[in-house]
Amino acid sequence: MSAPEKNHLLPYAQREDFHVGRATDLTGRARFFYRCLEILPGFASWSTLVGVVLLSVYAPFIAAYFVIAFALYWVLKTAFLSYHLRYNWKRLRHHMSLDWQPMIERFPYQNFYHVVILPFYKEPIEVIEASLAALSKVRYDASKIIVVLAGEGRAAEHAAMIGTTMRERYGSHFGHFVTTVHPKDLPGEMAGKGSNASYAAERVRVEVLDPQGIKYDQTIVSIFDIDTVLYPDYFNCLIWHYHTAENPLKSSFQPVPIFNNNIWEAPAISRVVAMSSTFWEMVQQERPERMATFSSHSVSFQALYEVGYWQSNMVSEDSRIFWNLLMANDGKYSVIPLSYPVSMDANAAPRLWQTIGQIYKQHRRWTYGVENLCYILYHFSQNKNIPRKQRITVALQQAEGYWSLVTNPIMLFILGWAPIFLGGQEFHQTVLSYNLPIVVRDLLILAMFGLVISSVISLTLLPPRPEKASRFHYLVMALQWIMVPATMIIFSAIPGLDAQTRLMFGKYMGFWVTPKVALKQK
């Protein structure tokens, strides 16, 4: 974006370093400072894990008491998260039971348009059609919905075929149906969802909003992964929250992603990981002060336009857009949880080992969101208009989140036994050495009761059982949660440590597209 094109941006968003993606985008002292920030998360995580091992060798008594204290902390944390999960589950079910249409009648919602951006790459036509079919059935005035099917130039033939076919089938149903093909290899861009979505947003502004005289502050943009299937009242719920928000133009709106489109076909390990991700987002909905946007979300077009849309030079564009908006608005920006679901696919492949590999790569990409911590800390040091208390609080919350994601599961389930194996003969002869595994085991068993809550809630979020699946599958769905300790390490801690280590050594990641497969049954 050239200098004249930046005139519409908010003042802070006009800075040359506002859309920094990595240290190499900067020069001089700023580059050095940003590079130090990229090293910090991985250094903190590795120092913690290595520190526990060294403590077990040279100070096993201190390490043992630390492990017990940490296990007790885990029990309390599990209880805390389970409480929030249950509360959001009740809120979610309540919101799904409401008739939203009468509730929005008192608002001038007829004046608002909804732009729905659906970026896609090489996904099968069946996956794309499932999303558009659900979108065509929402209980909302279809003439106010502008669909943008955003293909990639790297798969131009596929994009053209999908665009033509979907326009023929659904184009007449919506107010506008726009197809775009994002050119490949544009200077300064990374191939991925962010660059595609930004290109699509600008095209719809030029081709639809401006020619039709549609106001930016009366246009809400919803960006969905291509496998997203909407529930009928999504836009009614969204518009109600928009009009009841204290400052809707300074807010993003976050639904709950439930990865259950293909849940009956996915293997057990995929189901557990997928539902665990859903549960984490449900917990976050009860702590909006910690939230950032994730995957599918909605935001005013006015707000997007004021920061130049999604960043096109980094991986985690879905959460970065929130931090862009927070910085540009001097901290006066928030995420409003909808506690209303959208359905998406669990990560699954034809073979189990392919599924495991895909899940690992997907979660490594998600946990590479640690690049946002560098962006947050850098701009908190630059934008002094954001209150100091807010900067400190948010920085500590985000840093603790990325640190605990990587270190807690490993310390709990692996390094918790380090003093026993590394403590030396003197430590082994003590009562503490004998009691340590017993105490830790009992505390972990107590913490596992949280999995019972997860198991019960997961069963209530299942779509209807297909005919070929027996009732026995419900028992399997309940018992599969015993895999959580393993999945936390394999698909959370290790890919997170992998991502942080890559960032620490400047081995920057690109955007990995999760392969989608057509559903065998609905």
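Each reported figure results from applying straightforward, stated rules to the coordinates on display, with no laboratory input. Bear in mind the structure is a predicted one, so any value in this text is a computation, not a measurement. Cβ: placed from backbone, ideal geometry, glycine included. Neighbour counts: every protein chain shown.
Across bins of 5 angstrom width beginning at 0, how are the C-alpha pair distances of the stretch 2-88 distributed, in whole percent?
3, 11, 10, 10, 10, 10, 10, 12, 11, 6, 4, 2, 1
Which residue, Ile125, Ala156, Phe472, has the largest displacement toward the positive end of the dipole of the chain when charges sit on each Cβ (Lys, Arg +1; Asp, Glu -1)?
Towards the positive end, the residue furthest out is Phe472.
Please give the residues of the stretch 286-310, grouped as numeric ranges, whose backbone N is less than 15 Å from a label point set 7 Å along the Cα-to-Cβ vector of Lys90.
Those under the cut-off are 286.
Over all directions, the average projected area of the alpha-carbon convex hull for the stretch 132-187 comes to how many nm²?
Result: 4.2 nm².
Cα convex hull of the stretch 413-476: how many Å³ per residue?
Residue-normalised Cα hull volume stands at 111 Å³.
With 42 Å as the cut-off, how large is the P(r) tail for the chain, expressed as percent of Cα-Cα pairs?
20 percent
Can you grab the distance from the C-alpha centre of the stretch 352-386 to the C-alpha centre of the stretch 20-55, Å, no decimals?
13 Å
When Rg is the radius of gyration of the Cα atoms in the stretch 315-406 and Rh is its Kirkwood radius, what does Rg/Rh come to?
Result for the stretch 315-406 is an Rg/Rh of 1.07.
Just to be sure I understand: of the beta bridges DSSP finds with both ends in the chain, what percent are antiparallel, rounded to 5?
25 percent
Determine the principal axes of the Cα atoms in the stretch 248-366, then give the extent along each, sorted from largest to smallest and rounded to whole angstroms.
Principal axes ranked by extent give 47, 30, 21 Å for the Cα atoms.
Determine the shape class of the stretch 367-477: with a ≥ b ≥ c the square roots of the Cα gyration tensor eigenvalues, call it rounded for a/c under 1.5, and otherwise prolate if a/b is greater than b/c, oblate otherwise.
Oblate, because a/c is 1.5 or more while a/b does not exceed b/c.
Roughly how far apart, in whole Å, are the Cα centres of the stretch 392-431 and the stretch 213-235?
A separation of 43 Å, based on Cα centres.
Give, in whole angstrom and from largest to smallest, the semi-axes √(5λ) of the equivalent ellipsoid of the stretch 1-149, with λ running over the eigenvalues of the Cα gyration tensor.
45, 32, 17
Mean separation of Cα pairs under 8 Å and 6+ residues apart, divided by the residue count of the stretch 388-522: what relative contact order is that in percent?
35 percent.
Along the Cα→Cβ direction, 7 angstrom out, place labels at Phe472 and Glu400. What is the inter-label distance in nm?
Using points 7 Å along Cα→Cβ, the separation is 4.6 nm.
Beta carbons within 10 angstrom, averaged per residue: use that to sort the peptides 152-160, 465-473, 7-15, highest first.
Per-residue Cβ counts within 10 Å, averaged per peptide and sorted highest first, yield 152-160, 7-15, 465-473.
Give the Rg/Rh ratio for the stretch 119-278, taking Rg as the radius of gyration of the Cα atoms and Rh as the Kirkwood radius, to two decimals.
Looking at the stretch 119-278, the ratio lands at 0.97.
Divide by every residue of the chain the summed helix terms, -39500 (n - 2.57) for each DSSP H run of at least 4, and state the resulting mean residue ellipticity at 222 nm, rounded to the nearest 500 deg cm²/dmol.
Result for the chain, helices only: -17000 deg cm²/dmol.
Starting from the Cα of Asn111, move 7 Å in the Cα-to-Cβ direction to define the label point; list residues of the stretch 184-227 whose amide nitrogen is under 14 Å from there.
It comes to 214-220, nothing else.
Distance between the C-alpha centers of the stretch 455-495 and the stretch 258-301? Whole Å please.
If we compute the Cα centre of each part, the gap is 14 Å.
Label-point separation (nm) for Lys184 and Ser381, each offset 7 Å from Cα along Cα-to-Cβ?
3.8 nm
Can you tell me what percent of all Cα-Cα pairs in the stretch 157-228 are more than 16 Å apart?
That fraction is 59 percent.
Taking one equal scatterer on every alpha-carbon of the stretch 336-382, how large is log10 of I(q)/I(0) by Debye at q = 0.18, 0.24 1/Å?
Rounded to two decimals, the profile gives -0.78, -0.87.
Where does each of 396-405, 304-313 land if you order them by average Cβ count within 10 Å, highest first?
With the highest mean Cβ count within 10 Å placed first, the list reads 304-313, 396-405.
With unit charges on the beta carbons (Lys and Arg positive, Asp and Glu negative) and the dipole taken about the Cα centre of the chain, which residue among Ser298, Ala23, Leu396 sits farthest to the positive side?
Working it through, the farthest residue towards the positive pole turns out to be Leu396.
Give the lysines whose C-alpha is closer than 29 Å to that of Lys384, dropping any in the same chain fewer than 8 places away, or say none.
Lys6, Lys250, Lys332
Once you have a ≥ b ≥ c as the square roots of the Cα gyration tensor eigenvalues for the stretch 72-182, tell me rounded if a/c is under 1.5, and otherwise prolate or oblate according to whether a/b is larger than b/c.
Since a/c reaches 1.5 but b/c is at least a/b, the shape of the stretch 72-182 is classed as oblate.
Hey, with R₀ at 56 Å, roughly what FRET efficiency would Phe43 and Ile445 work out to, going by the Cβ-Cβ distance, to 0.05?
Using R0 = 56 Å, I get an efficiency of 0.95.
So what's the angle, to the nearest 10 degrees on a 0 to 90 scale, between helix 431-447 and the longest Cα principal axis of the chain?
Roughly 30 degrees, rounded to the nearest 10.
Between Phe32 and Val57, what is the FRET efficiency for a Förster distance of 35 Å, r being their Cβ-Cβ separation, to the nearest 0.05?
Approximately 0.50, to the nearest 0.05.
Let's test the formula: R0 of 51 Å, r as the Cβ-Cβ distance of Asp99 and Arg351. What FRET efficiency results, to the nearest 0.05?
Once the sixth-power term is evaluated, E becomes 0.70.
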